[in-house]
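The values are calculated or read from the model by the stated rules, or taken from the named source; none is laboratory data. On a predicted model such as this, the values are computed, not experimentally measured, just so you know. Glycine also receives a Cβ, built like all others from the backbone with ideal geometry; neighbour counts cover every protein chain displayed. Areas reflect the complete protein model, heavy atoms only, side chains present, ligands, DNA and RNA absent. Shrake-Rupley method; radii C 1.70, N 1.55, O 1.52, S 1.80 Å.
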Amino acid sequence: MSQALNPFEMALKQLDEVAKLIKLDKGMHQVLANPKRVLIVSIPTKMDNGEIKVFTGFRSQHNDARGPYKGGIRYHPQVTIDEVKALSMWMTWKCAVADIPYGGGKGGIICNPKEMSNGELERMTRRYAYGIADIIGPRTDIPAPDVYTGGKEMAWIMDTYSALKGNYGQPEIITGKPLPIGGSLGRNEATGRGLSFTVREAAKKLKINMKSATLAVQGFGNAGQFASQLVEEQGAKAIAASDSKGGVYNKAGISIAALRKHKEKTGSVVGFPSAKSISNEELLELDCTILIPAALENQITGRNAKNVKAKIVAEAANGPTTPDADEVLYKNKTLVIPDILANGGGVTVSYFEWLQNLRREYWTEDEVNQKLDKNITKAFLDIYKTHEDYHVNMRKASMVLAVNRVVEATNIRGLWP
Ligand code: GLU
């Protein structure tokens, strides 16, 4: 997205800091600083008025030392190549933190899906799938949903890919699919559910009683809605929520279920009864126990970090906190559960979906949720220990773990040709 700090520069800065900490070999540092491949595709699309509009799309494949590239595809007017590159690098770390056998990839199309008809979206999506078909594959690069994409788009991509490559159904080419074509139970809620498990563990460590905790969520899309609902179920009281149109605040509490219904009906949280309106910026500075940034990058920055009052910041979005803000929050003893840990539930259940597809199996929702809990809780505890042992913030601790795992795999495989 176009903003003060270029997301790829931010990703490189995070890598530089960890490289220093673990005395990373210079050559290896360079390997990890660049995606292995970035594809730019031009996507001519027939619009409903008969005109042809050419969209630009990307797929960045950052690293596949530990397994196939994995990561979502986002549709947004402010997508840039640098954003997609950064997000693909974050996916490499995220998959390594979750300890699932994937590398990192990411895709995006510069478009405004809110202003497009279903037919336009389908034609654009299928043409993009056609454009990237030769570099993705069930064993090489497995896409998934991201900002403003979901099951519908995944189904079109699966169908297009399957028709192009052998003309038989290949559900394992993509995750986040609707259930009837091989989606997994629990995938839709997975990012929010995983995040709620990390918040539960963080609260235990900080001795926070969830019954007296309050919660604010910036961004009320898929991840934000499920994350806040599941943290609310742990006993916390939601007091504020926002989306791209604005925010709402009520100190006495906001029912997340009621707010979801309101958003479903009106398209936004704005106008929710008996709540005051609040801006996205104000929400971040509210007096609350748990803050969930679930929108876009660059929200908590060097400018506003000092005003953040939350004890726990759980990043449902990718890259919402800048490196200078990280320093401020760490000094102020705010525990940041970094994106590559906090929102790793999505890709973890994507992995479960892929396994079910490869084996033509169906798991129960309980099985999925329990496996997710086990996986993400272990990652949280490992990272928390590193953060305590080495006196570094949680982001650095998770980056140390991730980079070491990727370096280890790269070294064992060796360089060839
Ligand atoms: N787009 C999600 C993420 O940023 C999910 C990726 C996936 O499931 O592959 O983690």
Report task. Give the number of residues within region 231-261 that are over 16 Å from Ala213 (Cα atoms), buried (at least 20 other Cβ atoms within 10 Å of the Cβ) and over 21 Å from the mean Cα position of the chain (by Cα). Result -> 3
Query raised in the report: What do you reckon, is Leu358 more than 12 Å from the ligand (Cβ to nearest atom), open to solvent by 30 Å² or more (accessible area, probe 1.4 Å), at pLDDT 95 or above and aliphatic (A, V, I, L, M)?
Result: yes
Query raised in the report: Quick one: Leu215 ticks every box in (1) open to solvent by 10 Å² or more (accessible area, probe 1.4 Å); (2) over 25 Å from Gly151 (Cβ atoms) bar one, so which box is it?
Result: (1)
Query raised in the report: In region 160-175, how many residues are free of Cβ contacts under 8 Å to residues at least 12 places away in the same chain and outside any helix (DSSP H, G or I)?
Result: 3
Query - So Asp373, is it of a type in the set (Asp, Glu) and more than 9 Å from the ligand (Cβ to nearest atom) - result: yes
Report summary line: By residue number, the members of region 318-347 that are surrounded by fewer than 24 Cβ atoms within 10 Å (Cβ to Cβ), β-branched (Val, Ile, Thr) and part of a helix (DSSP H, G or I) are Val328
**Report entry** Search result, residues across region 206-235 that are hydroxyl-bearing (Ser, Thr, Tyr) and more than 25 Å from Thr266 (Cβ to Cβ)
**Finding:** Ser212
Requested in this report: Please state which one of Val407, Val392 is surrounded by fewer than 21 Cβ atoms within 10 Å (Cβ to Cβ), β-branched (Val, Ile, Thr) and not in a helix (DSSP H, G or I).
Outcome: Val392
Query raised in the report: Taking the condition among the hydrophobic types (A, V, I, L, M, F, W, C) and under 21 Å from Ser398 (Cα atoms), does Ala129 pass?
Result: no
Query raised in the report: Given (1) within 15 Å of the ligand (Cβ to nearest atom); (2) buried (at least 17 other Cβ atoms within 10 Å of the Cβ), where does Pro101 come up short, assuming only one miss?
Result: (2)
Query raised in the report: When region 40-85 is examined, which residues are found to be touching a residue at least 12 places away in the same chain (Cβ under 8 Å), open to solvent by 50 Å² or more (accessible area, probe 1.4 Å) and either among the hydrophobic types (A, V, I, L, M, F, W, C) or within 16 Å of the ligand (Cβ to nearest atom) (or both)?
Result: Ile40, Val54, Arg66, Ile81
**Report entry** Failed criterion for Arg126 (all others in (1) in contact with a Phe, Trp or Tyr (Cβ under 8 Å, 6 or more places away or on another chain); (2) open to solvent by less than 60 Å² (accessible area, probe 1.4 Å); (3) away from the ligand (no atom under 16 Å from the Cβ) hold)
**Finding:** (2)
Report task. Quick one: count up the residues across region 137-154 that are assigned to a loop (DSSP other than H, G, I, E, B) and either of a type in the set (Gly, Ala, Ser) or open to solvent by less than 10 Å² (accessible area, probe 1.4 Å) (or both). Result -> 1
Query raised in the report: Since Glu115 meets every condition but one in (1) free of Cβ contacts under 8 Å to residues at least 24 places away in the same chain; (2) within 14 Å of the ligand (Cβ to nearest atom), which condition does it not meet?
Result: (2)
Query raised in the report: Within the bounds of region 110-128, is there any residue that is closer than 18 Å to Gly176 by Cα and small (Gly, Ala, Ser)?
Result: no
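For every residue, the table says whether it meets (1) free of Cβ contacts under 8 Å to residues at least 60 places away in the same chain; (2) farther than 20 Å from Ala98 by Cα; (3) in contact with a Lys or Arg (Cβ under 9 Å, 6 or more places away or on another chain); (4) in a helix (DSSP H, G or I).
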position: Ala316; (1), (2), (3), (4): no, no, no, no
position: Glu361; (1), (2), (3), (4): yes, yes, no, no
position: Asp366; (1), (2), (3), (4): yes, no, no, yes
position: Lys374; (1), (2), (3), (4): yes, no, no, yes
position: Lys396; (1), (2), (3), (4): no, no, no, yes
Query raised in the report: Only one of (1) crowded, with 21+ Cβ neighbours inside 10 Å; (2) assigned to a loop (DSSP other than H, G, I, E, B) is not met by Ile157, so which one is it?
Result: (2)
